[in-house]
1. Answer with yes or no whether residue 64 is at pLDDT 80 or above and within 21 Å of residue 139 (Cα to Cα).
2. Filtering region 12-50 down to residues that are more than 23 Å from residue 98 (Cβ to Cβ) and acidic (Asp, Glu), which residue is surrounded by the fewest Cβ atoms within 10 Å (Cβ to Cβ)?
3. Looking only at region 27-45, count how many residues are in a strand (DSSP E or B) and touching a Lys or Arg at 6+ places or on another chain (Cβ under 6 Å).
4. I'm told residue 89 meets every condition in (1) at pLDDT 70 or above; (2) under 13 Å from the mean Cα position of the chain (by Cα) except one. Can you identify the failing condition by its number?
5. Restricting the search to region 51-81, which residues are of a type in the set (A, V, I, L, M), part of a strand (DSSP E or B) and touching a Gly at 6+ places or on another chain (Cβ under 7 Å)?
6. Quick one: is residue 48 hydroxyl-bearing (Ser, Thr, Tyr), at pLDDT 90 or above, farther than 20 Å from residue 134 by Cα and part of a strand (DSSP E or B)?
7. Return the residues of region 123-152 that are surrounded by fewer than 16 Cβ atoms within 10 Å (Cβ to Cβ), at pLDDT 90 or above and in contact with a Ser or Thr (Cβ under 7 Å, 6 or more places away or on another chain); say none if nothing qualifies.
8. Could you grab the pairs with beta carbons closer than 8 Å, sequence gap of 6+ or different chains, first residue in region 83-111 and acidic (Asp, Glu), second one at pLDDT below 90 and not in a strand (DSSP E or B)?
Amino acid sequence: MTDRTVGDLDEVLGNLGVFRSTPDDLIATCPSGFRRVPITQGEGFYISLQGFAPNQTAYAQWSVVLSGNGRAFLSDEPVPLSPGVVVGRAARHPHGFLSGEEGLRLLSIQLPRPEEGATTWDQPGQTTPPIECGWGGHCRRCPRCGGHSKHLRGESFSCENCQLDF
């Protein structure tokens, strides 16, 4: 049993019966932070597409590189990423991804779904100044996970990925 939310791709599939798309058709990348499009999720799992503009950092568990390039930071030696590469890491193992000049599109599989505080971030506390977002309004990078964060009001922002309000 899954808990669908508006915009999950399994809802689209349920409505259409057949679904075909490229990652670039679904993920509106932004230079302020990576974007995530949920495929399906439940209490114990979360499967999504992740999109990175060039030279962005973010975090996931099991990932399949769909397009683009970059590096995964899972140990002392970065793992080169290119289409078709599969990488994984243990739930409490520090990790991160850095997209290359082409950007990066990943299929991210979090199984089991990490609980709040169960993940460690390699670059905590880093954010970007607010910028005018190409998708409307203003945005900036989340200091906790590196995700795209939309402007709420005043100087407040909310991360689309981890829901941190800052």
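The values are calculated or read from the model by the stated rules, or taken from the named source; none is laboratory data. Computed from a prediction, not measured in an experiment: that's the story for all the values here. Glycine gets a Cβ as well: all are built from the backbone with ideal geometry, and neighbour counts include every protein chain shown. Note: areas computed on protein heavy atoms with side chains; ligands, DNA, RNA excluded. Shrake-Rupley method; radii C 1.70, N 1.55, O 1.52, S 1.80 Å.
1. no
2. 25
3. Count: 2.
4. (2)
5. Step one: filter region 51-81 for residues of a type in the set (A, V, I, L, M), giving 53, 58, 60, 64-66, 72, 74, 79, 81.
Among the residues that remain, those that are also part of a strand (DSSP E or B) are: 58, 64-66, 72, 79, 81.
Of everything in region 51-81, those that are of a type in the set (A, V, I, L, M), part of a strand (DSSP E or B) and touching a Gly at 6+ places or on another chain (Cβ under 7 Å) turn out to be 58, 65, 81.
6. Judged against the criteria, residue 48 is not a match.
7. Within region 123-152, 131, 152 qualify.
8. 101/55
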